[in-house]
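Here's the structure we're looking at; comments come further down.
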Amino acid sequence: MDDAQYVEHAFDGDVHVLRIANPPVNTLRTAVRQGLLDGIKRSLKEGARAIVIIGKGRMYSAGAEMTEFNKPRQPPSLPEVFDAIENSPVPVVAAIHGSALGGGLELALVCHARVASPGAQVGLPEVKRGFVPGAGGTQRLPRLIGAEAALKLIVGGDPVKAEEAVKLGFVDAVLEGDLEKAAIVWARDAAKSGRKFTLARNRKDKIEGTDLAAFDAAAAALLKRSRGQESPKGCAAAVRAAVTESFDDGLVVERQQFQRLVEGEQSFALRHVFFGEREAQRIPDLPEGTQPLPVKNAVVIGGGTMGGGIAMNFANNGIPVTIVETTQEALDKGLARCEANWERTVKSGRLSQAEYEKRRACLKGSIDLNVVKDADLVIEAVFENMDVKKEIFAKLDKIARPGVVLATNTSTLDIDQIASATSRPELVIGMHFFSPANVMRLLENVRGAKTNAAAIATATDVGKRIGKLPVLVGNCDGFVGNRMTGKRTPQVEKLLLEGCLPQDIDRVMETYGMAMGPLATGDLAGLDIGAAVRKARGTVAPIADAVVARGRFGQKTGKGWYMYDEKRTRLVDPEVEAIILDVAEKMQVRRRKIEDQEILERLLLPMVNEGARILEEGVAYRAVDIDVVFCNGFGWPAWRGGPMFWADRMGLKAVRDKLALYAEQTGDANLKPAALIEQLAAEGGTFAGLGVRKAA
Ligand code: NAD
């Protein structure tokens, strides 16, 4: 395809249309920029009265071509294209359908006017990729809608609908019907009527008189949420410059922030996760043309903590779903929990009453397992017990139509054993949701030895339809996330024994960026669960066992690794320190001060080591799949890129040496470097460089 074809030039009388044609998302790659520049010049030369810029296919433009970021920049630059648009003596109108994001929206903001299809999405998500809008977005948007409103959109990074954008003032009109035709009429009328458009760069009305103190207070409140992430700060600084500087000087501030951030470690990490999330959707060994089975409704077995949340996902997305429970009482409780959850969202203003009613109407309940006979998909979420699960799967197999997928939400049990209770093991798959299941984005889909392509395609497709991020993993104890996290636990116990207190460990992990440290997380989940697992497996953890022995089960008993007040505020409890010191003394351990770096390494390295084993076994296809799991289901900050990314950045030689050192120092055999780490360290390789591994 030559450059000209990336932007099609069409005419309707004296209105010229430039159609961006770079499927699938019309990124502004070099050829598109060149095509737009040529198109503007040609339109003007040929006497156009107005010019419409529109996207071909499913959207206007998703913005810059991020794969060009790490390469030498090719002319023309976006600012060069933008100059041509702003200098055009005839109006240039952006016509937005689907979405205009990032550089795509900036290309619209520079135009003389913007029209959009109903429901089109417009926004500047750059902050989520670790940088700031770099083509004038931070300067033009405040001039169109005011500094504080722009700050919210740019620091938040979430798009808004065209209708909202009209209210805010950065889209001029929402046009019904065929957008290209409607935009041509709109542009022609505007040109004919001699309507004067003021370019965004020349607008002053919305930023003059901005109360800087109020702006700074709003920025500080927004930035509080982003903790260690740098790009929100950069965004706020650039938007502030729209108020304090001239347009051109503001652009300089924006460019400095952009350059600094786009080359930084955090943006690299965020882009790694962003591309990884797309990559994880590609399942390498799925035969081409594999179609998901049609799923128009679902049945969830068990309406407890997980079952209720899982069912809500379906109802939230308009898919009828029925919860099956054993007793009317349990069912009523389960349904009431879903209702209460939705009602809270209505109260907070994030859900309309009408939408709530729509969702509620999609959710049904039954205490008769026979409702499964009409199900297109069954997801089991009953107690974590193999005998119970096998009994249920045997029944489900008899009732469900042949060809229907039977999924389990087990977090630890063997999928193959569960599948063996049915006559259709090829249609049994794990769909491992994370708590709270209606909120957490991660869905680990677990393939059993016999799971077929259609079942995998179905679980993937359904996962996406209910707003989850499905990652396909292999069948093993704990799958990817819990298996790796489990390897951290012995080090937590050892660190406590050797010199740390719970708050030291949590502080290090939270400073690193984790939503919650491992001990606070334990308190939330319940310490009795871990104790029961240890008992079943015949293992001991002297400190954790001593804490549980005092009835300290975590938040639910008001005491665990911490104590909690009535607002569930986490407070340090001297009794815990006493327990720890007592156990250490009995075990004759001489406690020492442990540096933060050692704490961090001893918690992350065992996970990386297990991640390497997971790759050796083909339980995950790619290292980035593991990172995606952690960033979407385990509170790992995306701006840190995930555990495997962390290891690659440290260098696998250093990872191997440190693992070997800690293995020796702590006597934890699990820390002996995995064969894959030894191999990559010797070769100078990286996890990322491994590419796709064969499935288990
Ligand atoms: P839960 O105890 O809250 O709920 C289980 C529900 O299943 C109960 O309401 C019970 O009445 C119902 N039930 C039991 N037998 C049944 C049957 N024969 N038919 C219908 N309903 C039946 O448990 P949970 O936390 O929701 O866990 C459910 C499953 O999800 C387990 O396999 C668990 O390992 C897994 N899981 C839990 C979490 C978590 O954080 N809680 C996370 C991921 C996966």
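The values are calculated or read from the model by the stated rules, or taken from the named source; none is laboratory data. These figures come from a predicted structure and were not determined experimentally. In this analysis, Cβ positions are derived from the backbone assuming ideal geometry, glycine residues included, and neighbour counts consider all displayed protein chains. Quick note on the areas: whole protein, heavy atoms, side chains included, nothing else; ligands and nucleic acids left out. Shrake-Rupley method; radii C 1.70, N 1.55, O 1.52, S 1.80 Å.
Computed values, structure above
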| read-out | value |
| --- | --- |
| Output for the range 365-400, where each listed residue is open to solvent by 20 Å² or more (accessible area, probe 1.4 Å), charged (D, E, K, R) and touching a helix residue (DSSP H, G or I) at 6+ places or on another chain (Cβ under 7 Å) | Lys373, Lys390, Lys395 |
| Test: residue in the range 42-57 that is among the small types (Gly, Ala, Ser) and within 33 Å of the chain's Cα centre (by Cα) | yes |
| Test: residue in the range 352-364 that is within 25 Å of the chain's Cα centre (by Cα) and either hydrophobic (A, V, I, L, M, F, W, C) or open to solvent by less than 40 Å² (accessible area, probe 1.4 Å) (or both) | yes |
| Pairs with Cβ under 6 Å, 6+ apart, first in the range 463-474 and open to solvent by less than 10 Å² (accessible area, probe 1.4 Å), second among the small types (Gly, Ala, Ser) | Pro470/Gly463; Val471/Ala280; Val473/Ala620; Gly474/Ala696 |
| Residue within the range 171-190 that is under 17 Å from Pro142 (Cα atoms) and either surrounded by 12 or more Cβ atoms within 10 Å (Cβ to Cβ) or out of contact with any Ser or Thr (no Cβ under 9 Å at 6 or more places or on another chain) (or both) present | yes |
| Checklist (1) more than 9 Å from the ligand (Cβ to nearest atom); (2) assigned by TED's automatic domain parsing to the domain that holds Asp374; (3) surrounded by fewer than 18 Cβ atoms within 10 Å (Cβ to Cβ); (4) more than 26 Å from the chain's Cα centre (by Cα) applied to Glu288, failing item | (2) |
| Matching residues, the range 358-390, being away from the ligand (no atom under 15 Å from the Cβ) and closer than 27 Å to Val346 by Cα | Lys358, Arg359, Arg360, Ala361, Cys362, Leu363 |
| Residue check, Ser411 among the polar types (S, T, N, Q), touching a residue at least 12 places away in the same chain (Cβ under 8 Å) and more than 7 Å from the ligand (Cβ to nearest atom) | no |
| Helices (runs of 4 or more DSSP H) fully within the range 547-653 counting 2 or more residues that are farther than 19 Å from Met514 by Cβ | 574-586, 596-616, 623-633 |
| Filter pass, Val540 being touching a helix residue (DSSP H, G or I) at 6+ places or on another chain (Cβ under 8 Å), at negative phi and β-branched (Val, Ile, Thr) | yes |
| Matching entry among Arg58, Arg33 (being part of a loop (DSSP other than H, G, I, E, B) and out of contact with any Phe, Trp or Tyr (no Cβ under 8 Å at 6 or more places or on another chain)) | Arg58 |
| Residue under evaluation Leu524, criteria (1) over 24 Å from Phe314 (Cβ atoms); (2) assigned to a helix (DSSP H, G or I); (3) open to solvent by less than 60 Å² (accessible area, probe 1.4 Å), criterion not met | (3) |
| Subset of the range 128-150 (residues that are over 26 Å from the mean Cα position of the chain (by Cα) and either assigned to a loop (DSSP other than H, G, I, E, B) or closer than 21 Å to Phe274 by Cα (or both)) | Gly136, Gly146 |
| The lone exception for Gly47 - which of (1) modelled with pLDDT of 95 or more; (2) crowded, with 16+ Cβ neighbours inside 10 Å; (3) small (Gly, Ala, Ser) it fails | (2) |
| Counted residues, the range 488-517 - those being within 14 Å of Gly530 (Cβ to Cβ) and not in a helix (DSSP H, G or I) | 1 |
| Residue in the range 61-84 that is at pLDDT 95 or above, part of a strand (DSSP E or B) and closer than 17 Å to Ile96 by Cβ present | yes |
| Count - residues of the range 417-458 that are within 15 Å of the ligand (Cβ to nearest atom) and closer than 21 Å to Val628 by Cβ | 18 |
| Residue list for the range 337-351, restricted to those being part of a helix (DSSP H, G or I), open to solvent by less than 60 Å² (accessible area, probe 1.4 Å) and in contact with a helix residue (DSSP H, G or I) (Cβ under 9 Å, 6 or more places away or on another chain) | Cys338, Glu339, Asn341, Trp342, Thr345, Val346 |
| Scope the range 391-408; condition within 14 Å of the ligand (Cβ to nearest atom), within 27 Å of the chain's Cα centre (by Cα) and either more than 16 Å from Ala298 (Cβ to Cβ) or not polar (S, T, N, Q) (or both); matching residues | Leu406, Ala407 |
| Residue in the range 533-550 that is in contact (Cβ under 8 Å) with a residue 12 or more places away in the chain and under 27 Å from the mean Cα position of the chain (by Cα) present | no |
| Selection count, the range 425-442, where residues are in contact (Cβ under 8 Å) with a residue 60 or more places away in the chain and not aliphatic (A, V, I, L, M) | 6 |
